[in-house]
Amino acid sequence: MRRSFLCGVSGLAGCLLLSLPVIAGGRNVDDYPLRVHIFQNSQHSHYRERMIEYVDGEGRANLCENGEPRGFDYNFRCGVRLMVSAGFETYPARWKKAGKELEILLPVMGKPGAFDACGLMVEMKDTAYIRHGGTLEEEPSAVFKEWMQKHQYDPEKGLNEPVTAAPAPVGTPGTGTGTPRQNPPQ
């Protein structure tokens, strides 16, 4: 009887120790190689006994995967609020179901290195989103990729801030009017 009790307690303690990283939210950022830039987000917080039970909403974002930018629309239901990306900030992400569901990591305020995960149900586009003149617009992914290359911006490789490109001389082939677009996507 005593032996079976000790085995049961030991087994329970082992299970608790093994599940501790999951409870603590111990996620490895290296397991999230993709980057998501959130442009728009509309959400509603649902409360139970004055505590957030869950948050649901929808929005628009870009995904950087293998150096290729693509826009997508999404909806979600998570345990925390989602924030739009500030500047060129991106969230680490990975596919849960290729082409259908992304999981992104959201930093936990006040706990450096801690993250909450949130699943996004996505509808991928063949274009990328850009912010131009205060409005959200779409442009071909190839055009956005050219901008990324020109400004050495690739969040998957840690190049998180675009570099201002020198203006091309007037009449240079491939620049249209000779004035390169200086409004970076945000």
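The values are calculated or read from the model by the stated rules, or taken from the named source; none is laboratory data. Model, not experiment: these values are computed from the prediction. Note that we place each Cβ from the backbone using ideal geometry, even for glycine, and neighbour counts take in every protein chain shown.
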Q: Report, by residue number, each residue of region 106-116 that is closer than 13 Å to D30 by Cα and part of a loop (DSSP other than H, G, I, E, B).
A: G113
Q: For C78, indicate whether it is of a type in the set (A, V, I, L, M, F, W, C), modelled with pLDDT of 95 or more and more than 16 Å from R35 (Cβ to Cβ).
A: yes
Q. Can you tell me how many residues in region 132-156 are part of a helix (DSSP H, G or I) and either of a type in the set (D, E) or touching a residue at least 40 places away in the same chain (Cβ under 8 Å) (or both)?
A. 7
Q: All but one of (1) within 20 Å of L159 (Cβ to Cβ); (2) out of contact with any strand residue (DSSP E or B) (no Cβ under 9 Å at 6 or more places or on another chain); (3) at pLDDT 95 or above hold for A98, so report the exception by its number.
A: (1)
(Q) If a residue counts only when it is touching an Asp or Glu at 6+ places or on another chain (Cβ under 6 Å), which strands (runs of 3 or more DSSP E) contained entirely in region 28-105 have at least 3 such residues? (A) 34-48, 68-78
Q: Name the single residue, out of those in region 80-105 being without any contact (Cβ under 8 Å) to a residue 40 or more places away in the chain and not basic (K, R), that is farthest from N66 (Cα to Cα).
A: V80
Q.
If I filter region 117-129 for residues that are assigned to a strand (DSSP E or B), out of contact with any helix residue (DSSP H, G or I) (no Cβ under 8 Å at 6 or more places or on another chain) and under 21 Å from Y153 (Cβ atoms), do I get at least one hit?
A. yes
Q. Which residues, counting only those in region 59-74, are surrounded by 15 or more Cβ atoms within 10 Å (Cβ to Cβ) and of a type outside the set (F, W, Y)?
A. G59, R60, A61, N62, L63, C64, E65, P69, R70, G71, D73
Q: Six or more apart or on different chains, Cβ under 8 Å: which pairs go from a residue in region 44-58 that's touching a residue at least 60 places away in the same chain (Cβ under 8 Å) and of a type outside the set (F, W, Y) to one that's surrounded by 13 or more Cβ atoms within 10 Å (Cβ to Cβ) and in a loop (DSSP other than H, G, I, E, B)? Could you list them?
A: none
Q) Looking at (1) surrounded by 11 or more Cβ atoms within 10 Å (Cβ to Cβ); (2) modelled with pLDDT under 95, which is the only condition T90 fails? A) (2)
Q) Is one or more of the residues making up region 106-127 touching a residue at least 60 places away in the same chain (Cβ under 8 Å), touching a Leu at 6+ places or on another chain (Cβ under 7 Å) and closer than 18 Å to N160 by Cβ? A) yes
